[in-house]
1. Considering only residues that are in a loop (DSSP other than H, G, I, E, B) and either in contact (Cβ under 8 Å) with a residue 12 or more places away in the chain or under 10 Å from LEU79 (Cβ atoms) (or both), which ones fall in segment 158-181?
2. State yes or no: is LEU360 of a type outside the set (Ser, Thr, Tyr), surrounded by fewer than 19 Cβ atoms within 10 Å (Cβ to Cβ), in a helix (DSSP H, G or I) and at pLDDT 90 or above?
3. Given the criterion over 21 Å from SER261 (Cα atoms), exposed (fewer than 15 other Cβ atoms within 10 Å of the Cβ) and at pLDDT 65 or above, identify the matching residue among GLY440, GLY436, GLY426.
4. Any idea how many residues of segment 15-55 are crowded, with 17+ Cβ neighbours inside 10 Å, in contact (Cβ under 8 Å) with a residue 12 or more places away in the chain and not in a loop (DSSP other than H, G, I, E, B)?
5. How many of the residues in segment 216-232 are of a type outside the set (Asp, Glu) and either part of a loop (DSSP other than H, G, I, E, B) or within 26 Å of the chain's Cα centre (by Cα) (or both)?
6. Scan segment 246-264 for residues that are surrounded by fewer than 18 Cβ atoms within 10 Å (Cβ to Cβ) and assigned to a helix (DSSP H, G or I) and jot them down.
7. Among what's in segment 69-91 and is free of Cβ contacts under 8 Å to residues at least 60 places away in the same chain and crowded, with 19+ Cβ neighbours inside 10 Å, pick the residue that is nearest to PHE17 (Cα to Cα).
Amino acid sequence: MRRSPWATLAVLALAQFIVVLDVTIVNVALPDIQSDLNFSADTLQWVISAYTLLFGGFLLLGGRMADLLGPRRVFIAGLLLFGVTSLIAGLSESAGFLIGARAVQGLGGALLSPAALAILTVTFAHGRERNIAMGVWGGLAGLGGTLGVVAGGVLVDTLSWQWVFFVNVPIVIALVAVIPVFVPDTRHGADGPRTFDTAGAVLGTAGLMAVVYAVVRAEPKGWGSAEVIGFLGGGLVLLALFVRVEARSKAPLVPLRLFRSRALSVSSTSLALNGAGFLSMFFLTAIYLQQVRGDSALEAGVHFLPMGAAAVIGAVVASQLVQRLGTRTVQLSGTVLSVVGLLLLSRADATGSYASQLLLGLILFGVGIIGVAVPAQIAAVSDVEHHEAGSASGVVTAMYQVGGALGLAIVTTLSISKTTDALEHGVAQQQALVEGFQRGLLIAALFAIANVAVTLATPQIQPAREQIAEAAAAA
C-alpha cells in the first residue's frame, strides 16, 4: 500500500509533540499537585526529574531497540507505554505513585522518540524533502514546549491538574489506530551484534538517579549524613561501572570512542549546562508566578509565551547566522544572552510589575537557550563518522536531558535551603519564597556563566545547509 510521506510525518510529529509537551505542561500544575498529593518542597522537583532522567537515561537504548526490532514496532510500544502511564499519573493519589508513573512515562518517551526519528529519516530522501520534514518535526516539537505551559494552565484552571496527564490518552489512542495506515514498517538489519546493552542503560540511569537523590536529600539531612553519603557514593560507583561496561560492550549504548572528538565532548557539556539552566528557570519561575505573585495556572502559562516566541524566532535567526559567522560565535552570543536573562530575572520581587521585572529577562533567556542549542547540535556531530552520527545525536540529546535533571536538583536544593533559612529567621513566607527564587536563578546563572567558558573551548565550525536544518529541528 502506497503511503503519503507527509501523512507519516504528521503522525510522527504529533507523537513527538506530546512527548515535548509533557516536559512543560506539568510545570504550571505543580502548585496544585503539591497541595493535593502533599508533596514536600524538596520532593516536588521529582515530578519533573523522574520524567527527564528516565527519558535521557534510556534514550540510547530506545534507539538501539528501534534498530534491532524495527522502528514502527518500538514506536507503537513506546506510544502505548506513554499513554498508559499518562492515565496512571492522572489517577495517582500519592506523591510516590505519581513519581513512579512519571518515570515510566519518561521510559515510554525514550522508546518512541528515537524510533519516530528513525522512521522519518528513512521515509524522506536526503536533501530538500528531508530538510523540510526535519523543520516541521522540530517546529512542532518546539511548539509543544511553548504551548505546554498555556495548555497546562487552561486544563488546571478549567478542570484539574489530573487533566495535564489525561489529555495524552485520546491522542495516543488515535495515533495507535492510524499508525498501520500511515506509518510504514521500515525494518532493516542492524550492523554488528544483535544485542541490547540493557546493563549499560540500567547502570547509567540508576547511577544518575542516585546522585540526584543524594543532592535533593542534602538540604534536609545535611551533606555529612549517612543517607546522602551512601546514595552519592553508590551513584558514583554505578556510573563508574557504567563506563566499564560501555568500554567492554560489543554493542555499547555510548561508544566511548566518540568522546575522542573534542567538538562532541565540549558541545555535549554545553548542552548539559543549557538543559540545567532551562529546566531550573522553568521550574522556579512557574512556582514563583503562582505562589508569590498570585497568578492562576493559565496566567502563569501566558506569561511564559514571550519566552517561547523568542525561542522560535531565535532558532530561525541562529540557523541563518551559523552559516555566516560559524558555530562558536553564535553559541557564545547565546550563552551571554542566557546569563543576562537569568540575572535580570533574579532581581524580580513580590511587588514589581511583570513588564518591568520579568518580560525582558524571559525574552533574552528564550533567545539565549536556542542560540546555544542550534550551534552546539551542529558542532557535536561535525567530525563524527557518518555511520555514527545517530549515536552522537543520541549522546547529546541524552546529555541535555540528564544535565537538566541534575541541574534542577542542585538549584532546587539550594533554593529551598535559602527559603527555609529565611523562614527560620522570621522572614514572611512570601518574601522567603522570593529569596529562594532569587538564589535559585543566580545558581542557574552560574551554569550559564560556566557555559560561556565551555563555549570558548568549542571549535569554530562552518556547517553545510543540511547540518543547519537538522540541528534546528533537533534543538
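The values are calculated or read from the model by the stated rules, or taken from the named source; none is laboratory data. Please read these numbers as outputs of a predicted model, since none were measured by experiment. Backbone-built Cβ (ideal geometry, glycine too); neighbour counts: all protein chains shown.
1. Pass one, segment 158-181, residues in a loop (DSSP other than H, G, I, E, B): 159-162, 167.
The answer is SER160, TRP161, GLN162, VAL167.
2. Numbers: of a type outside the set (Ser, Thr, Tyr): yes; surrounded by fewer than 19 Cβ atoms within 10 Å (Cβ to Cβ): yes; in a helix (DSSP H, G or I): yes; at pLDDT 90 or above: yes.
Spelling it out, LEU360 is indeed of a type outside the set (Ser, Thr, Tyr), surrounded by fewer than 19 Cβ atoms within 10 Å (Cβ to Cβ), in a helix (DSSP H, G or I) and at pLDDT 90 or above.
3. Numbers: GLY440 fails: exposed (fewer than 15 other Cβ atoms within 10 Å of the Cβ); GLY436 fails: exposed (fewer than 15 other Cβ atoms within 10 Å of the Cβ).
Sole residue among the options that is over 21 Å from SER261 (Cα atoms), exposed (fewer than 15 other Cβ atoms within 10 Å of the Cβ) and at pLDDT 65 or above: GLY426.
4. Residues that pass the stated criteria total 28.
5. The number of residues fulfilling the criteria is 10.
6. ALA247, ARG248, LEU256, ARG257, PHE259, ARG260, ARG262
7. Taking the candidates together, the pick is GLY78.
So that you can scan it fast, the table gives a plain yes or no per residue for (1) crowded, with 19+ Cβ neighbours inside 10 Å; (2) in a helix (DSSP H, G or I):
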position: TYR288; (1), (2): yes, yes
position: GLY294; (1), (2): no, no
position: VAL316; (1), (2): no, yes
position: ARG324; (1), (2): no, yes
